[in-house]
Amino acid sequence: VGRTGSLTPAAELEPVRIGGVTVSNATLHNADYIVERDIREGDTVVVKRAGEVIPQVLRPVLELRPPGSEPWQMPGHCPVCSEPVERPEGEVAYYCVNAACPAQLVRSVEHFVSRGAMDIEGFGIRQAELFVELGFLRDVADIYYLQAEQLLPLEGFGEKKVTNLLAAIDASKERSPARLLTALGIQGIGGTVAQILTDQFHSLDALAAASSEETEQIPGIGPKLAQSVADWFTHKPNRQVIEKLEAAGVRTEAKAVEPVGPQPLAGLTFVITGTLPTMSREQAKATIEAGGGRVTGSVSGKTDYLVAGERAGGKLAKAEKLGVPVLDEAALRQMAGDG
């Protein structure tokens with residue numbers, strides 16, 4: 001059971017040597033894969049190490065199938081919390097519907113504290129499993145309510161370790177709202193999309209109040225992502241998590257930044273592609289943002305300019321098709337007032 005509640009079937013095998021490696025577990029991909037190939041418990045199967053890394057079950061050996069075997073079915077209830085399992089229309093995966101499922105919570109906490117999210121040093125999967133098992137964490141916001149008196153009696157948690165962990169938790173309160181939005185694990189929302197959303201709305205409260213239609217108007221945000229965000233914030237337990245985070249002092253609002261100097265690119269949206277003569281993409285992005293513009297990753301009808309260098313590729317072709325003006329590095333510098 002993953003952090004989004006998705007149930008992923010896996011095969012447990014009698015250990016077998018494949019290419020010099022002993023394999024005892026293999027992927028079964030999803031329920032449809034198993035049903036299409038009629039793979040059953042107790043089968044002898046053909047296994048391949050895909051890309052010399054991930055073992056996968058290819059097919060059963062029917063002549064070795066034990067008598068009386070039954071076709072496999074996805075369980076109707078979560079194997080961890082016993083709550084119902086559902087398969088959304090149009091999706092391959094099945095999901096546990098219980099947002100408080102311990103397995104989901106452990107994975108959610110692991111993601112929340114990870115380096116790309118809130119980056120809490122000294123907090124990993126082992127701590128997540130232990131704190132959830134002990135009932136210290138019922139949601140990710142509870143991380144900020146951990147107390148030294150809870151942790152000190154635990155085996156392996158000396159005074160220095162506890163002090164360092166709590167200090168790391170406290171320091172993470174000042175991470176950007178984009179990092180926090182990434183940490184929440186909303187389906188489809190990674191670091192880049194989280195930054196686009198917080199640049200637009202400036203706070204999680206403003207994002208929560210926006211409709212999917214409003215969010216969809218943002219360059220780089222499609223209808224599926226917009227709906228995913230809206231659905232997450234309409235779920236009452238999720239709103240309660242945000243309230244608990246705010247009450248704990250976690251930053252949910254972007255710090256106001258006063259524009260420095262003129263803003264000749266204010267209100268304009270740019271996409272950067274190809275290799276520029278003297279600027280890296282990061283430098284070009286910084287130049288645009290310093291001039292008040294914004295940079296997105298894909299060309300659309302809402303793109304004002306494409307900044308193109310050598311080997312521009314598909315983005316240039318799309319810009320030309322949509323009639324989006326194309327700038328070279330020199331033209332960008334001139335527009336931005338940068339020499």
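Observations
- Across the chain, the mean sequence separation of Cα contacts (distance under 8 Å, 6 or more residues apart), normalised by length, yields a relative contact order of 10 percent.
- The angle between the Cα long axis of helix 159-171 and the longest principal axis of the Cα atoms of the chain comes to about 50 degrees, rounded to the nearest 10.
- The ratio of the alpha-carbon radius of gyration of the stretch 161-281 to the globular-protein estimate 2.2 N^0.38 Å is 1.24.
- Angle between the chain longest axis and helix 236-247 axis [Cα atoms, degrees, rounded to 10]: 60 degrees
- 14 Å cut-off, amide nitrogen to a point 7 angstrom out along Thr8 Cα→Cβ, residues in the stretch 104-144: 104, 107-108, 111
- Packing, taken as the mean count of other beta carbons within 10 Å per residue, orders the peptides 85-96, 219-230 from highest to lowest as 219-230, 85-96.
- The angle between the Cα long axis of helix 102-112 and the longest principal axis of the Cα atoms of the chain comes to about 30 degrees, rounded to the nearest 10.
- Computed over neighbours whose Cβ is under 11 Å from that of Gly293, the net charge equals 0, Lys and Arg +1, Asp and Glu -1.
- Between Asn25 and Leu134, the distance separating the two model label sites (each 7 Å from Cα on the Cα→Cβ line) works out to 2.5 nm.
- Inter-label distance for His235 and Val80, nm, one decimal - labels placed 7 Å from Cα along Cα-to-Cβ: 1.3 nm
- For Val47, the amide hydrogen comes within under 5 Å of the amide hydrogens of Leu58, counting only partners 5 or more places away or on other chains and with H modelled in the peptide plane.
- Here the extension length gained between Arg126 and Ile18 equals 35.8 nm, from 0.36 nm per residue of separation less the Cα-Cα distance.
- Rounded, prolate or oblate (a/c below 1.5 giving rounded, otherwise prolate when a/b exceeds b/c) for the chain by Cα gyration tensor: oblate
- Label point distance in nm, Arg49-His202, each placed 7 Å from Cα along Cα→Cβ: 5.6 nm
- Positive-end residue of Met74, Val113, Tyr95, charge dipole of the stretch 68-168 with Cβ unit charges: Val113
- Straight-line cross-link partners of Lys318 among the lysines, defined as a Cα under 25 Å from its Cα and at least 8 positions apart when in the same chain: Lys224, Lys285, Lys302.
- Gain in span if fully extended, Glu243 to Arg311, counting 0.36 nm per residue against the direct Cα distance: 19.7 nm
- Under 27 Å from Lys161, Cα to Cα: lysines that are on another chain or at least 8 residues apart: Lys173, Lys244
All of the numbers you see were taken from the coordinates with simple rules; none came from a lab. Predicted model only: the values in this text are computed from it and were never measured. No Cβ is skipped: glycine too gets one built from the backbone with ideal geometry, and neighbour counts run over all protein chains shown.
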